[in-house]
Amino acid sequence: MRKAYSWRLLVARPLLLIMMLVFAASCSTSATRDSGAEESKSIPGNYTVKLKFIKRIKTDAQPKQVCLHPERNEFYVVNLNNGGGAVTKELGPGTLQIFSLDTFELLHEEPARTAVECMIVDRDRLLYSDMFRDEVVYFDLATRKVLTRSPIKPDTIRNFGGTEYRFMPKIIEPVSDSQALVTLWLGGMARIDFKKGELVKHFDKFCALPRGILPVPGSSDVYIMCYGIPHGPGEIVRLNPDTGKVTSRIRTGGSPRHVVALKDGTAYISNLNSGEIYHFDPAKGSFIHKMYMGGGINTIDVDPSGRFLFISQRELDLVSVIDASTWTVVLKQKVGDYPTGLDVSYDGKYMAVTNFHEASMDLFEIQYVPAEKSEQP
């Protein structure tokens, strides 16, 4: 994800949703990019990318994801900040932090228990999941106010003893202008109406540790990236949200984690524990290409052309860039300790990555240059 605040259009959505998501994108979702400023045809084949370091920005502890806004000159970081799950009505110590992209100053800090994933769904609206409160927060970026808090389970399901959570919400994927699917780390999925702040449907566990969500073009079905380890097999599961039934399972091994959908209907998928990147065709349910990278692949994102794939490798403290036209690594950029969240801006100008163990975020300018002038890995 969104993702950089890329305002990205979702795959195979009704016109109403497409119009709404001309402003929406994802940092944590599979929502695809619209035609961005850097179309692939505008980047010569002999060009590649460089990253020019701009600034390391201090955040709260354990920054998880970053979302760059496509119109507002600001960005958003969600932080766990060592938040616990104990029973309390107080928010904190986790946070949603809002920073200026011009001055890098902290503009606003919204308390959360453990903010973990963010997604921009409108020019003035952002969603973030609060893991140890079992809720998704709908936030107004203009007024800096919480609009709703959506539960991800019915009241009949009890929390773990001494906590305020049972499932730990993670990735958010819109299915209309007011509803979204949310994967639940400890089992199952939820459908919420985030504008009303209501649970629409709770799905029982269908795989171990579900994360990324990939819509299937021309269908209401979705593929779920199931992390698996250590509670089950790593797999990619196709599920019908209308019936809640699993229709297929693809055993991958390792831990499928993050997904970025492309304009042509295919997608890139990261597998953290196998160290692989997949190019996947959801319409056919098959892999187009696989590439081994290693290093604890975490979050991935693409530039607007879809040609350059950015990868955070948390075990190596690197961001690597793949030229997907040749499937070669064209850049390895050293960043902070345990890079986790990553986002590429909608216009392809910036790349941001959170350093989980350093309580910081690194911001880079993306430069397109002739290959011979780039720094090769």
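Every number here is computed from the coordinates shown, using simple stated rules; none is lab data. Source: prediction; values computed, not measured. Don't worry about glycine lacking a Cβ; one is built from the backbone with ideal geometry, like all the others, and counts go over all protein chains shown.
Dipole magnitude for the chain: about 700 debye, using +1 per Lys or Arg Cβ and -1 per Asp or Glu Cβ, origin at the Cα centre.
Considering only G94, N298, V175, the residue lying farthest towards the positive end of the dipole of the chain is V175, judged by Cα position with unit charges set on Cβ. Placing +1 on the Cβ of every Lys and Arg and -1 on the Cβ of every Asp and Glu, with no other charges, gives the range 296-377 a dipole of roughly 160 debye about its Cα centre.
The order of H258, H357, H231, going from fewest to most other C-beta atoms within 10 Å of their C-beta, is H231, H357, H258.
Binning the C-alpha pair distances of the range 270-332 at 5 Å intervals from 0 yields a P(r) profile of 4, 19, 29, 27, 16, 5, 1 %, listed from the shortest bin outward. The Kirkwood hydrodynamic radius of the range 15-373, based on inverse pair distances between different Cα atoms, is 20.1 Å. Here the Karplus curve 6.51 cos²θ - 1.76 cosθ + 1.60, taken at θ = phi - 60°, turns the phi angles of the range 107-117 into couplings of 8, 7, 9, 9, x, 9, 6, 8, 6, 10, 9 Hz, with x standing for Gly and Pro.
Ordered by the count of other Cβ atoms within 10 Å of each Cβ, fewest first, D242, D337, D301 give D242, D337, D301. The alpha carbon radius of gyration of the range 145-190, expressed as a multiple of 2.2 N^0.38 Å, is 1.25.
Checked against a 27 Å cut-off, the cross-linked pairs K245/K284; K205/K332; K58/K201; K290/K334 give Cα-Cα distances beyond that limit for K205/K332; K58/K201.
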